[in-house]
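K.L.:
Handing you a structure now.
The values are calculated or read from the model by the stated rules, or taken from the named source; none is laboratory data. Note that the structure is predicted; figures quoted are calculated from it, not measured. All Cβ positions, glycine included, derive from the backbone under ideal geometry; neighbour counts span all protein chains shown. For the accessible areas, the whole protein counts, side chains as well, though only heavy atoms, and no ligand, DNA or RNA atoms are used. Shrake-Rupley method; radii C 1.70, N 1.55, O 1.52, S 1.80 Å.
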Amino acid sequence: MDAPLILTLTLDANAQQFFNRLREEHFPPERNYLAAHLTLFHHLPGDQLEAITRELATRARHMTPLSLSVTGVQFLGRGVAYSLESPALQALHQELQTEWKPYLTPQDQQRRRPHVTIQNKVDPKVARALHEELSASFQPFEAQGKGMHLWAYRGGPWESVRQFVFLG
């Protein structure tokens, strides 16, 4: 495959619906061609597709759903996201970083700060107002990571390559 690959965490249906609804309400419509997502890796090499899918399939067979804590609302400057915490997710990410170290971009070599963006590329005043509104009523909640989803990036909407459900 010639396109770079993106790896996201698949969220449970309730969390996905919650984040999608907010994204539909607050993301600029002309830029909102993706569902809400939690990105694990932004740019994996497409020419390593076979090795990457083999690694993800093996891991998913032995993994159980990951507990996620949605801990707050994050101001991004020109957008807003929900912050998530999960020791199990951090461990998975670090293990995959070690496995894929030879071909990770500098962005993907960094420690992951899990989040789901519900608004981006707006005027900072608009983002600040939404951040204040959502923060005022925020209540922490729990979610689950149910698997991983591998995508191909070809300059527009992402193309689904394969999903890996946690079966363990």
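K.L.:
Put 158, 100 in order of accessible area, largest first, 1.4 Å probe: what do you get?
P.N.:
158, 100
K.L.:
Take peptides 42-51, 102-111 and line them up by average Cβ neighbours within 10 Å, highest first, as a rough protection proxy.
P.N.:
Per-residue Cβ counts within 10 Å, averaged per peptide and sorted highest first, yield 42-51, 102-111.
K.L.:
If packing is taken as the average number of other Cβ atoms within 10 Å across a peptide's residues, how do 71-77, 112-118 rank, most packed first?
P.N.:
Highest-to-lowest ranking by the protection proxy: 112-118, 71-77.
K.L.:
Got a number for the accessible area of residue 27? Probe 1.4 Å, square angstrom, nearest 10.
P.N.:
20
K.L.:
Apply the Karplus parameterisation 6.51 cos²θ - 1.76 cosθ + 1.60, with θ equal to phi minus 60°, to every residue of segment 64-76 and state each ³J(HN,Hα) to the nearest whole Hz, in sequence, with x for glycine and proline.
P.N.:
9, x, 8, 6, 10, 10, 8, 10, x, 10, 10, 8, 9
K.L.:
Relative to the longest principal axis of the C-alpha atoms of the chain, give the angle of the C-alpha long axis of helix 13-26, reported between 0 and 90° and rounded to the nearest 10°.
P.N.:
Between helix and principal axis, roughly 50 degrees.
K.L.:
Go through segment 47-58 residue by residue and turn each phi into a ³J(HN,Hα) via Karplus (6.51, -1.76, 1.60, θ = phi - 60°); whole Hz please, and just put x for glycine and proline.
P.N.:
Once θ is set to phi - 60°, the couplings for segment 47-58 become 6, 9, 3, 4, 5, 5, 5, 4, 4, 5, 5, 5 Hz.
K.L.:
Now for a different question. Using Cα-Cα distances under 8 Å and only pairs 6 or more residues apart, what relative contact order does the chain have, in percent?
P.N.:
36
K.L.:
Going by amide H atoms built from the backbone, whose H comes under 5 Å of the H on residue 166, apart from near neighbours?
P.N.:
Distant-sequence amide H within range of residue 166: 147, 148.
K.L.:
What does the accessible area per residue of the chain come to in Å², with a 1.4 Å probe and no ligands, DNA or RNA counted?
P.N.:
53
K.L.:
Ordered by residue, what ³J(HN,Hα) values in Hz, to whole numbers, does segment 102-113 give under the Karplus form 6.51 cos²θ - 1.76 cosθ + 1.60, where θ = phi - 60° and Gly and Pro are x?
P.N.:
x, 10, 8, 6, x, 4, 7, 7, 7, 5, 7, 10
K.L.:
On to the next question. Enumerate the amide H contacts of residue 72 below 5 Å, restricted to partners 5 or more residues apart or on another chain; note that Pro and chain-start residues carry no placed amide H.
P.N.:
Counting only residues 5 or more places away or on other chains, the set is 83.
K.L.:
Still on this structure, please answer the following. If amide H atoms are built 1.01 Å from N in the plane of the peptide, which residues on other chains or at least 5 residues away come under 5 Å of the amide H of residue 36?
P.N.:
Result for residue 36 returns 20.
K.L.:
Per Stokes-Einstein, at 37 °C and 0.692 mPa s, what whole-number D in µm² s⁻¹ belongs to segment 63-168, with the Kirkwood radius over Cα pairs as the hydrodynamic radius?
P.N.:
Roughly 207 µm²/s, to the nearest whole number.
K.L.:
Quick one: pull the percent of accessible area on the chain belonging to carbon and sulfur, 1.4 Å probe, ligands and nucleic acids left out.
P.N.:
49
K.L.:
Any chance you could list P(r) for segment 42-103, counting all Cα-Cα pairs in 10 angstrom bins from zero, rounded to whole %?
P.N.:
Percent of pairs per bin, in order: 17, 38, 32, 13.
K.L.:
In addition: Rounded if a/c is under 1.5, else prolate if a/b is larger than b/c, else oblate: which is segment 1-69, with a ≥ b ≥ c the root eigenvalues of its Cα gyration tensor?
P.N.:
oblate
K.L.:
Peptides 128-136, 33-41: what's the order by average Cβ count within 10 Å, highest mean first?
P.N.:
Per-residue Cβ counts within 10 Å, averaged per peptide and sorted highest first, yield 33-41, 128-136.
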